[in-house]
Amino acid sequence: MKGLFIKDFLTLRRKYGPVRIAMDVLLIAVLMIAFGANSAIWVSFVLVPIEAMTMCMTLTNCDEQWKWQKYAFALPVSRAQIVRARYLTAGALAGIGFAASLAVNAAAALAFSAYPPVLHLLLAAASLWLTLFALALVLPAGLSRGANAGFAAMFAVILALLVLFGAAGFSAQAAGSALAFAARHVEVALVLAICAVAAACALSYEISVRLLRRARA
């Protein structure tokens, strides 16, 4: 299973080079110039989840193009281990996204000082929570039905994010209200958030394993 995990990151290194990293940094800079302190919200709640989902679906697409699944099923690993390796990759990507969100929130706190540092910390934590939820939604479709189904699920999640944070008039005040409640009830909010995302990821994993066994039987 360790080899499958390494394979995923070698694939990402091949598909995402310095140019993509530079583009992401430029996009973050544009968001910070355009939205000021609110840019941390867009990076945390939109850009990071989209990037994590895109990378996971890129892996699925590459597996199809290179006919990886036919080779993978011949290896001495179970289908549950194949799924587990991809979920570990997704978790690592979510962790990287959390680090990026934390860096952007720190920069926004220093540059604009519009909100207290604890609010920016909660934004980064909420970004990790949302990213894990988004990945839990798209991974079963990609692993069991292929890249087309995975991208369809990803676009559905992206559309929901854009509607929620764009057309619905998402603002720093709305985020502040929710996060202020979380700040006042840290223990309760933390327990609820961890339980919810853990349940979602566990259910997603079980669905992925079952669907993969059925689809490739």
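The values are calculated or read from the model by the stated rules, or taken from the named source; none is laboratory data. Being a predicted model, the structure only gives us computed values, none of them experimental. Don't worry about glycine lacking a Cβ; one is built from the backbone with ideal geometry, like all the others, and counts go over all protein chains shown. For accessibility, only protein heavy atoms count, side chains too; no ligands or nucleic acids. Shrake-Rupley method; radii C 1.70, N 1.55, O 1.52, S 1.80 Å.
In the list Ala106, Ala85, which residue meets the criterion of being under 24 Å from Leu4 (Cβ atoms), assigned to a helix (DSSP H, G or I) and either at pLDDT 90 or above or open to solvent by 40 Å² or more (accessible area, probe 1.4 Å) (or both)?
Working: Ala106 fails: under 24 Å from Leu4 (Cβ atoms).
Going through Ala106, Ala85 in turn, just one is under 24 Å from Leu4 (Cβ atoms), assigned to a helix (DSSP H, G or I) and either at pLDDT 90 or above or open to solvent by 40 Å² or more (accessible area, probe 1.4 Å) (or both): Ala85.
So the check is Cβ under 9 Å with 6+ separation or different chains; which pairs have a first residue in region 123-140 that's polar (S, T, N, Q) and open to solvent by 10 Å² or more (accessible area, probe 1.4 Å) and a second one that's modelled with pLDDT under 95 and in a helix (DSSP H, G or I)?
Pairs found: none.
Name every residue in region 109-122 that is part of a helix (DSSP H, G or I) and either surrounded by fewer than 20 Cβ atoms within 10 Å (Cβ to Cβ) or of a type in the set (Val, Ile, Thr) (or both), in order of residue number.
Within region 109-122, Leu110, Ala111, Phe112, Pro117, Val118, Leu121 qualify.
Determine the pairs where a residue that is assigned to a loop (DSSP other than H, G, I, E, B) and open to solvent by 70 Å² or more (accessible area, probe 1.4 Å), located within region 202-216, has a partner that is aromatic (Phe, Trp, Tyr) and at pLDDT below 95 with Cβ atoms under 7 Å apart, the partner being 6 or more residues away or on another chain.
Final answer for the pair search is Arg216/Phe73.
Taking region 141-164, which residues are open to solvent by less than 10 Å² (accessible area, probe 1.4 Å) and without any contact (Cβ under 8 Å) to a residue 60 or more places away in the chain?
Listed by number, the list is empty, since nothing qualifies.
Filter region 181-217 down to residues that are basic (Lys, Arg) and either touching a strand residue (DSSP E or B) at 6+ places or on another chain (Cβ under 6 Å) or farther than 17 Å from Ala125 by Cα (or both) and give me whichever is modelled with the lowest pLDDT.
This residue is Arg216.
So that you can scan it fast, the table gives a plain yes or no per residue for (1) of a type in the set (Asp, Glu); (2) open to solvent by 10 Å² or more (accessible area, probe 1.4 Å); (3) at pLDDT 90 or above:
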{"site": "Ile33", "(1), (2), (3)": "no, yes, yes"}
{"site": "Val43", "(1), (2), (3)": "no, no, yes"}
{"site": "Val48", "(1), (2), (3)": "no, yes, yes"}
{"site": "Leu59", "(1), (2), (3)": "no, no, yes"}
{"site": "Cys62", "(1), (2), (3)": "no, no, yes"}
{"site": "Gln65", "(1), (2), (3)": "no, yes, no"}
{"site": "Gln69", "(1), (2), (3)": "no, yes, no"}
{"site": "Ala74", "(1), (2), (3)": "no, yes, no"}
{"site": "Val77", "(1), (2), (3)": "no, yes, no"}
